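Comments concern the structure below.
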Amino acid sequence: MIKITYFVHGTTTDNEKKLSSGWFDVELSELGIKQSVELKYLVKDESFDVVFCSDLKRAVHSAELIFGGDVEIVQDERLRECNYGEYNAYPSEIVEPMQEINIAKRFPGGESYEDVKARISDFIDYLKKKYDDKSVAIVAHKAPQLALDVLVAGKSWGKAFEDDWRKRKAWQPGWQYSIE
């Protein structure tokens, strides 16, 4: 069994402008830096064998602030946010309603949530081969977390979007998943 604790990156400058970054490589804001530093103290008693993060700056910087110097951090592009294509860094009021429409249909010039699910499925297969019986932390984005809800927690896409903590403003210091 693999124990996964999923962490989301800190607030970005795009978040503060109410933009959905997608693959746009945006920085953490001052608030995001503060959140990541605070999270380090909230999870200081947890032990991880490895930390994986998206290769986008916001996730890398968050992972370094939370876990840097304590455990190996491995960047993995499979953990990237959904590529919104022409809609990367567009206003969230436009992109967010499109997300649930683009589960199977790709964003123009981008990918679908099913494409993200395929990336996360490949990542899970990798974990099964290399990290069995390990405790793994992941620092990434919304779409990979929803894909984990579908693949590991057995939710439908509709239920994963409905239960998304972002809609309820119910952030927590990590979400638990187990892979057998």
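Quick note: the coordinates plus some simple rules give every number you see, no bench work behind them. All values derive from a computational prediction rather than experimental measurement. Glycine gets a Cβ as well: all are built from the backbone with ideal geometry, and neighbour counts include every protein chain shown.
Per-structure values
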| read-out | value |
| --- | --- |
| Relative contact order of segment 1-137, defined on C-alpha pairs under 8 angstrom at six or more residues apart (%) | 33 |
| Estimated FRET transfer efficiency when R0 is 25 angstrom, pair Ile101-Lys17 (beta carbons, to 0.05) | 0.60 |
| Whichever lysines have a C-alpha closer than 23 Å to that of Lys105, once near sequence neighbours (fewer than 8 apart) are set aside | Lys117, Lys142, Lys155, Lys159, Lys167 |
| Neighbour-count order for Arg166, Arg58, fewest beta carbons within 10 angstrom listed first | Arg166, Arg58 |
| Separation of the Ser92 and Asp49 label points, Cα + 7 Å toward Cβ, nm | 3.6 |
| DSSP bridge orientation in segment 2-179 - percent antiparallel, rounded to nearest 5 | 40 |
